[in-house]
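Report on one structure; see the data block that follows.
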Amino acid sequence: MDPNSDFQKKMVEYLESVHEGEFMTGTMDEVKEQVHENIKAEECQDPTQTLPNPPPEFTDCDCEKCESCENIANWWEIFKNTVDDLVLRSNVHQCRTSIPADEKKSKKERRGCINKHGNCKAQFPRQIFEETQVDPKTGALNFKKGEKWINTLTPIVTYLLRCNTDITSLLGGVGHCFAWQGTRRPCVNCSSSCPNFILTELTL
């Protein structure tokens, strides 16, 4: 595949625009600090327990000065902060070992991800890529990814579902077969009794 081809450039741009592997407003440490500050406010609400707010009515104006443009800009700022809050609460992987079989387990405790060799069965931490890399022989892609403890996701899906979502491009090597797969799972502190507990797989 020609690395300079218009097709490849547009395909990479499209895929980077619909899913990402990092926070929207900063690094994980920066987002943690901001979320912890927000929690101190009395009016702060857990976004996993709220419904998404719709955007302002769309207009063709792009002056960036009128009330309509300001409302849209404010909505996008809230959108990004909300998505980062949701990702921090629900998408960040935390490795842990399983409780020995001879110890009593409560219903809320889940099996750990560390195997007998000390490796994470979920394959975390993930490899980080500063920019998308394309194998010129096979067309395989390593997408731009800035955080090693989260999977790739689509911000608008996270904003709407308010839970852990993994959005992955399913590539077919030379055949370039593109599809999307998403999973909805409980957040780190939830169990099967949580009202948000839904397990689905979507392939589009």
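Where a number appears in this text, it was derived from the coordinates with a stated rule and is not lab data. Since the structure is predicted, the reported quantities are computational estimates derived from the model, not experimental observations. Every residue, glycine as well, gets a Cβ built from its backbone with ideal geometry; the counts of neighbours run over all protein chains shown.
A few comments on the model shown:
- Placing dummy labels 7 Å off each Cα toward the beta-carbon, the span from Ile114 to Glu43 is 4.3 nm.
- Cross-link pairs beyond the 27 Å C-alpha cut-off, checked among Lys10/Lys121; Lys32/Lys65; Lys116/Lys148; Lys10/Lys65: Lys10/Lys121; Lys32/Lys65; Lys10/Lys65
- Each of Thr25, Thr154 has some number of other Cβ atoms within 10 Å of its Cβ, and from fewest to most they run Thr25, Thr154.
- Note on Ile156/Asp2: beta-carbon distance plugged into 1/(1 + (r/R0)^6) with R0 of 35 Å gives a FRET efficiency of 0.65.
- In terms of other Cβ atoms within 10 Å, Leu51, Leu141 run from fewest to most in the order Leu51, Leu141.
- Surrounding net charge for Phe129, when Lys and Arg each add one and Asp and Glu each subtract one, Cβ distance under 14 Å: -3
- Derived scalar couplings between HN and Hα for segment 145-156 equal 8, x, 10, 8, 10, 10, 7, 6, 8, 10, x, 5 Hz in order, rounded to whole Hz, by the Karplus curve 6.51 cos²θ - 1.76 cosθ + 1.60 (θ = phi - 60°), x for Gly and Pro.
- Modelled this way, with points 7 Å down the Cα-to-C-beta line, the labels at Glu70 and Glu33 are 2.9 nm from one another.
- From least to most packed, judged by other beta carbons within 10 angstrom and beginning with the fewest, Glu20, Glu30 follow the order Glu30, Glu20.
- Added length on full extension, which subtracts the Cα-Cα distance from 0.36 nm per residue, Lys9 to Thr50: 10.9 nm
- Here each label is just a point 7 Å from Cα along the line to Cβ, and for Leu170 and Lys121 those points are 2.2 nm apart.
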